[in-house]
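Scroll down for the structure; my scribbles are underneath it.
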Amino acid sequence: MDTVRKYLLRPIEVVIAMMLAVMLVLVLLNVVLRYALNSGITVTEELSRLLFVWLVFLGAAVALFERAHLGVDTLLHFLPRPAKVVCFVLSNAFMLYLSWLIFSGSWTQAVINYGSTTPVLGLSQSLYFVPVLIFTLLAMFWFAAMLLKSLRGRLTDEELVGLRDETAEAIAEAKSVDPH
């Protein structure tokens with residue numbers, strides 16, 4: 001995971017930070033120009049919207065690799081390990097399939113919108129679908145890797161359940177306390 005973090009996630013995080021900085025400067029400049037000079041830069045809205053779409057999907061990819069997405073795992077804490085493995089495999093297989101569906105739909109939309117251009121910048125509308133394609137490719141890689149890891153029997157209990165929160169820790173502690 002350290003190699004993935006160093007060579008994949010860190011550069012994506014840098015790109016996200018740069019996108020945020022560009023969006024901040026563009027929007028702030030546009031607000032100041034509209035307030036002070038009663039004029040603005042027409043490019044800012046369209047470019048900010050495009051950067052925001054990219055930012056969201058690249059951020060979702062980073063969150064996926066860091067296991068930071070929200071999940072409901074309360075039931076999993078009560079299941080024995082074999083049942084946890086079955087739930088893990090089923091959920092990851094389902095997410096792999098859904099990622100493929102989103103990828104294929106986004107690819108179709110990117111091809112359809114390739115010739116359409118944005119009104120101000122004149123860029124291809126398919127640029128709005130490229131970050132979805134990148135995210136789904138990374139997601140499919142992640143889910144396939146997790147499925148292979150689970151089929152090899154190399155998953156820890158923490159990986160099966162996901163992130164532990166205070167409620168989950170209280171449940172685990174209550175299970176381990178001897179009632180006598």
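Which of the peptides 129-137, 20-28, 35-43 is most tightly packed, and how do the rest follow, going by the mean number of other Cβ atoms within 10 Å of each residue? Provide the component values of the computation, followed by the final result.
Working: 129-137: 19.2, 20-28: 13.7, 35-43: 10.6.
Top of the packing list down: 129-137, 20-28, 35-43.
Once the dipole of the chain is set up with Lys and Arg at +1 and Asp and Glu at -1 on Cβ about the Cα centre, which of Gln109, Leu37, Leu98 lies farthest towards its positive end?
Going by the Cα projections, it comes out as Gln109.
Which FRET efficiency value, to the nearest 0.05, is calculated for Leu20 and Leu137 with the Förster distance at 30 angstrom and r the Cβ-Cβ distance? All intermediate terms of the calculation are to be shown ahead of the outcome.
Working: r = 23 Å, r/R0 = 0.77.
E(calc), rounded to 0.05, equals 0.85.
Quote the relative contact order of the chain in percent (integer), defining contacts as alpha-carbon pairs under 8 Å separated by 6+ residues. Please list the in-between numbers first.
Numbers: 135 pairs, mean separation 43.9, N = 180.
It comes to 24 percent, rounded to a whole number.
Show the residues, 5+ positions off or on another chain, whose built amide H is closer than 5 Å to the amide H of Thr117.
For Thr117, the qualifying residues are Gln125.
I'm spelling it out carefully: the read-out is volume of the Cα convex hull per residue in Å³, the candidates are [x] 139; [y] 168; [z] 148, and one was derived from this structure. Which label?
From the options [x] 139; [y] 168; [z] 148, the structure gives [z].
Test of understanding: express the Cα radius of gyration of segment 1-69 as a ratio to 2.2 N^0.38 Å, with N the residue count. Don't skip to the end; give the middle numbers.
Working: Rg = 15.5 Å, N = 69, 2.2 N^0.38 = 11.0 Å.
In units of the globular-protein estimate, segment 1-69 measures up at 1.41.
Helix hunt in the chain: which complete DSSP H runs extend at least 30 Å axially by C-alpha with mean Kyte-Doolittle at least 0.5? Walk me through the numbers on the way to the answer.
Working: long enough: 10-37 (39 Å, 2.04); 43-65 (33 Å, 1.70); 81-112 (46 Å, 1.09); 130-151 (31 Å, 2.06).
Membrane-span-like by this rule: 10-37, 43-65, 81-112, 130-151.
If r is the Cβ-Cβ distance from Val130 to Tyr97 and R0 is 25 Å, what FRET efficiency results, to the nearest 0.05?
Details: r = 22 Å, r/R0 = 0.88.
Efficiency, from the Cβ-Cβ distance: 0.70.
Would you please put 54-60, 112-118 in order of how densely packed they are, using the mean number of other Cβ atoms within 10 angstrom per residue and starting with the highest?
Going by the mean number of other Cβ atoms within 10 Å, highest first, we get 54-60, 112-118.
Values quoted throughout were computed directly from the atomic coordinates according to the rules given, and no laboratory measurement underlies them. All figures in this text were calculated on a predicted structure; none of them were measured in a lab. Positions of Cβ are backbone-derived with ideal geometry, glycine not excepted, and every protein chain shown enters the neighbour counts.
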